2 protein chains.
Amino acid sequence: MNHEPSTIKRMSAEIICVGTELLLGEILNSNVQFLARELAKLGIPHYYESVVGDNIGRVQKVLEMASKRSEIIIFTGGLGPTPDDLTTEAIADFWQTSLAERQEVVADIALKFAKRGRKMTPSNRKQALLPVGAEILPNPTGTAPGMIWQPREGLTILTFPGVPSEMERMWEETAIPYLKSQGWGKEIIYSRMLRFRGIGESALAEKVTALLELKNPTVAPYASLGEVRVRVAAKAKTEKEAIALIDPVAQKIIDRAGLDYFGSDNETLSSVVGELLKKRGETLSVAESCTGGGLGEMLTRVAGSSAYFQGGVIAYHNQVKISLLGVKPEDLAQAGAVSATVAKQMALGIKEKLKTSWGLSITGIAGPGGGTGSKPVGLVYLGLAAPDGQVESFEELLGEERERETIRYISACNALDLLRRQLLN
Amino acid sequence: MNHEPSTIKRMSAEIICVGTELLLGEILNSNVQFLARELAKLGIPHYYESVVGDNIGRVQKVLEMASKRSEIIIFTGGLGPTPDDLTTEAIADFWQTSLAERQEVVADIALKFAKRGRKMTPSNRKQALLPVGAEILPNPTGTAPGMIWQPREGLTILTFPGVPSEMERMWEETAIPYLKSQGWGKEIIYSRMLRFRGIGESALAEKVTALLELKNPTVAPYASLGEVRVRVAAKAKTEKEAIALIDPVAQKIIDRAGLDYFGSDNETLSSVVGELLKKRGETLSVAESCTGGGLGEMLTRVAGSSAYFQGGVIAYHNQVKISLLGVKPEDLAQAGAVSATVAKQMALGIKEKLKTSWGLSITGIAGPGGGTGSKPVGLVYLGLAAPDGQVESFEELLGEERERETIRYISACNALDLLRRQLLN
């Protein structure tokens, strides 16, 4: 679908990713997805993305083409200290501009090395070389700064390192304010992502069929692992106007989904469960077998989770289930470690041991080995001990064909979702 | 780094992905990674990848450029039945070739619809239109076939739908045999990834400077979060020949890196630590505060980790450190939860409680809140209790500017690396 009238010439951006490792398929290029979304949010059209290897001649060929058709060129990758990092050099050479060492960058790199107790190497000085006339695009966490440079009127080049966390922070702290100062972001695309669990993409889509035809906001469903998302996106002059367009549509979708809707945007199952626990002044502990700590890890991704999460036991070995959780040896022997009985005892055991309001447990067969005819890979039991001492267990068949990591991940998500639904009831 | 002498003109391929949804960042483009790896396996060099929206003019601009510099052009996306699917049309129009409806494709689509109990819609007939002279590239599972077409001598175009599972099957069943019949796959590119920890990219590169100049195999270092990798890639007639080229170079790099080298290819810190423990017949337990279960989760990603990993305690709240790990309340009060003293008591506590050979602990300030002048965000103590009962602690300053998730991830990796080095000593 065309998102702009093709007859009108408009400013547009273009993304160029530099790195032979990308061409070899060794790395999944997540940077372009991040940048594409960010450009959309600022209302900056972009029609082309390119990937090119670590080769000056080829980088310059792509740059030549890009400079003819786009007004903003965003580079990622190739800013490191080694000889194959040549993005800056290629750009400067293309406009026959010499590189100059920036003392503030040298000082910054030296400081970062010192802080980590390491010595700066001569090759790192290379990262301080920027074309004369370019502004430094500071990198708060890594040693490779980027640049903002206008090699000629009407063309702006921004460079970023390839490490996603560094690139993203530099984008947010410096590139967005810069682009806004240049007048971008006046017509914005603002979107809200609604998140659902326990319903399939097509079933959800059928519940909101009519809304899928809307033009502003648009409504688009996506499926991802164990979760369905619906993006509601509006074009408007301000965020406020966009939100006014989005709110009633989002509310309709949420109403029709009922309990299957769990949160929006950056909300996660962990953060939603955390908020519910905080509101009720309740606490939680976990007992994990097959997830090996993954449930606790998810819960503690939320800053401030210590307000309700006390901790737990990773009971990977049966002996730990007995010694730390009070699971009965005879039940382990008879029902087996992967059973409703053991899941319940684990949940109750951790709740009592850590004196929390809730106890949540997982025991299952993550594979690839360990499955039997009656207990296949993907069989998982969740246990939930409630504040009143009631314990329930839930059986899940996640599918023998699934990967170990997928089974572990979905198990932990399902445990969180189980607690979420109980907290809402 | 150049992977081929730039003076010699060689056949090469290029990938063009068509889809506005890619430019909007709604989809992570995993097709390019798949195709990039597959091309490397066949020994087909490729230097450029492009993404372009659903717009005939822009698709043709990218095609024009690609047809000048590459001999094989691979398209993905834009083969569907809706008006914005226009890849085939754009290609045919570029070479002023008319489209003809292929009866065998119409029949195939009708059959697929019938099998699913649906009726073929008129718009699906569009998918049967291919340029006169093009061969059908059959799609066994979906309704959109691709094509293999030589619009002029020395240039081959292959088109695939954007759905990864359909594209991959078409690639394997038809494209690979076709490319092999054209003489590709006789020379392959085989690579090994060496993994390092505790040394920076530039420091490692300086240790192996001379090797970075090699032509076959090539040696290229990459930095990623908390890890440096070096790819050693060789071109040869067979995998065996490639390995013979790679082995001595890889060994040199490994020798120079010493203990900082931890594994190759799919080996992880967890799998390496696991192998070392298994060899020694020893067991491990963990006590985690700020990582909240992340260390256990990492260890149990390895299938079969139950052979050495017993479990652990997530001691997020101080009370859990006291009740389950035997940390002394007075030490918690005086030294604080984030201290060498507490890290040691946690490690020894879990080792004794679970009766394992080793006990490994983490306590730190992951942020964003909770830091003070003397104990900033990023301060982490690791504790390691050895089989002989000796306990050591290690202080780490991971940097206040880092994200919570980064600090937690690096802490867990550092703990594993600490144990790895002890096991190797």
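Some observations on this one:
- Wholly within the range A:268-348, helices (runs of 4 or more DSSP H) carrying at least 1 residues that are in contact with a helix residue (DSSP H, G or I) (Cβ under 9 Å, 6 or more places away or on another chain) and within 13 Å of another protein chain (Cβ to nearest Cβ): A:269-280, A:294-299, A:318-325
- Residue match in the range A:90-99 (condition: within 11 Å of another protein chain (Cβ to nearest Cβ) and surrounded by fewer than 22 Cβ atoms within 10 Å (Cβ to Cβ)): no
- Residue match in the range A:117-127 (condition: in contact with a strand residue (DSSP E or B) (Cβ under 6 Å, 6 or more places away or on another chain) and surrounded by 21 or more Cβ atoms within 10 Å (Cβ to Cβ)): no
- Identity of the residue in the range B:257-267, surrounded by 14 or more Cβ atoms within 10 Å (Cβ to Cβ) and away from chain A (no Cβ under 14 Å), that ends up farthest from B:V302 (Cα to Cα): B:A257
- Check on B:K61, within 14 Å of chain A (Cβ to nearest Cβ), more than 17 Å from B:C17 (Cβ to Cβ), without any contact (Cβ under 8 Å) to a residue 40 or more places away in the chain and not in a strand (DSSP E or B): no
- Enumeration of residues in the range B:166-219 that are assigned to a helix (DSSP H, G or I), among the hydrophobic types (A, V, I, L, M, F, W, C) and over 15 Å from B:A40 (Cα atoms): B:M167, B:M170, B:A203, B:L204, B:A205, B:A210, B:L211, B:L212
- Comparison of A:L382, A:L418, A:L397 shows that the only residue that is away from chain B (no Cβ under 13 Å), surrounded by fewer than 18 Cβ atoms within 10 Å (Cβ to Cβ) and not β-branched (V, I, T) is A:L397.
- Single unsatisfied condition, B:P83 versus (1) part of a helix (DSSP H, G or I); (2) over 24 Å from A:I15 (Cβ atoms); (3) free of Cβ contacts under 8 Å to residues at least 24 places away in the same chain; (4) not hydroxyl-bearing (S, T, Y): (1)
- Of the residues making up the range A:51-61, those that are out of contact with any Lys or Arg (no Cβ under 8 Å at 6 or more places or on another chain) and either outside the structural domain of A:V32 (by TED's automatic domain parsing) or surrounded by fewer than 24 Cβ atoms within 10 Å (Cβ to Cβ) (or both) are A:N55, A:I56, A:G57, A:R58, A:Q60.
- B:D265 vs. criteria closer than 30 Å to B:S411 by Cβ and modelled with pLDDT under 95: yes
- Applying a threshold of 6 Å to beta carbon distances and a minimum spacing of six or more residues, or different chains, the list of pairs starting in the range B:88-99 at a residue that is closer than 18 Å to B:M65 by Cβ and ending at one that is of a type in the set (S, T, N, Q) and surrounded by fewer than 22 Cβ atoms within 10 Å (Cβ to Cβ) reads B:A90/B:Q60; B:F94/B:Q60.
Each row is one residue, and each column tells you yes or no for (1) in the same structural domain as B:T363 (by TED's automatic domain parsing); (2) more than 26 Å from the chain's Cα centre (by Cα); (3) in a strand (DSSP E or B); (4) more than 23 Å from A:G296 (Cα to Cα).
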site: B:P387; (1), (2), (3), (4): yes, yes, no, yes
site: B:S393; (1), (2), (3), (4): yes, yes, yes, yes
site: B:R408; (1), (2), (3), (4): yes, no, no, no
site: B:L416; (1), (2), (3), (4): yes, no, no, no
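- Criterion (more than 14 Å from chain A (Cβ to nearest Cβ) and either of a type in the set (G, A, S) or assigned to a loop (DSSP other than H, G, I, E, B) (or both)) met by exactly one of B:S374, B:S361: B:S374
- Any hit, the range A:6-19, residues being facing chain B (nearest Cβ under 7 Å), surrounded by fewer than 24 Cβ atoms within 10 Å (Cβ to Cβ) and not acidic (D, E): yes
- If you filter the range B:170-197 down to residues that are at the interface with chain A (Cβ under 10 Å from one of its Cβ atoms) and in contact with a helix residue (DSSP H, G or I) (Cβ under 9 Å, 6 or more places away or on another chain), you find that the one that is farthest from B:R421 (Cα to Cα) is B:I189.
- Looking across the range B:35-58, the residues that are facing another protein chain (nearest Cβ under 7 Å) and either part of a helix (DSSP H, G or I) or touching a residue at least 40 places away in the same chain (Cβ under 8 Å) (or both) come down to B:A36, B:R37, B:A40, B:G57, B:R58.
- Test: residue in the range B:268-276 that is assigned by TED's automatic domain parsing to the domain that holds B:L382, surrounded by 17 or more Cβ atoms within 10 Å (Cβ to Cβ), at pLDDT 95 or above and over 30 Å from B:A233 (Cα atoms): no
- All positions within the range A:219-262 that are in contact with a Phe, Trp or Tyr (Cβ under 6 Å, 6 or more places away or on another chain), under 21 Å from A:A412 (Cβ atoms) and in contact (Cβ under 8 Å) with a residue 40 or more places away in the chain: A:D260, A:Y261
Listed here are the residues, each with its yes/no results for (1) touching a Lys or Arg at 6+ places or on another chain (Cβ under 8 Å); (2) farther than 25 Å from B:M298 by Cα.
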{"position": "A:V273", "(1), (2)": "yes, no"}
{"position": "A:L276", "(1), (2)": "yes, yes"}
{"position": "A:S289", "(1), (2)": "yes, no"}
{"position": "A:G292", "(1), (2)": "yes, no"}
{"position": "A:L295", "(1), (2)": "no, no"}
{"position": "A:G304", "(1), (2)": "no, no"}
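- Test: residue in the range B:227-236 that is within 13 Å of chain A (Cβ to nearest Cβ), out of contact with any strand residue (DSSP E or B) (no Cβ under 7 Å at 6 or more places or on another chain) and either buried (at least 16 other Cβ atoms within 10 Å of the Cβ) or on the phi < 0 side of the Ramachandran plot (or both): no
- Here B:T156 passes the criteria (1) part of a helix (DSSP H, G or I); (2) more than 30 Å from B:R256 (Cβ to Cβ) except the one numbered (1).
- Residue within the range B:346-353 that is more than 31 Å from the chain's Cα centre (by Cα), closer than 12 Å to B:C290 by Cβ and buried (at least 20 other Cβ atoms within 10 Å of the Cβ) present: yes
- Counting the residues of the range A:100-117 that are in contact (Cβ under 8 Å) with a residue 24 or more places away in the chain and either among the aliphatic types (A, V, I, L, M) or not assigned by TED's automatic domain parsing to the domain that holds A:Y47 (or both) gives 3.
- Checking B:L24 against (1) at pLDDT 85 or above; (2) closer than 14 Å to A:E49 by Cα; (3) at the interface with another protein chain (Cβ under 7 Å from one of its Cβ atoms), the condition it does not meet: (1)
The values are calculated or read from the model by the stated rules, or taken from the named source; none is laboratory data. Every value quoted in this text rests on a predicted model; they were computed, and no experiment measured them. Neighbour counts run over all protein chains shown; Cβ positions are idealised from the backbone, glycine included.
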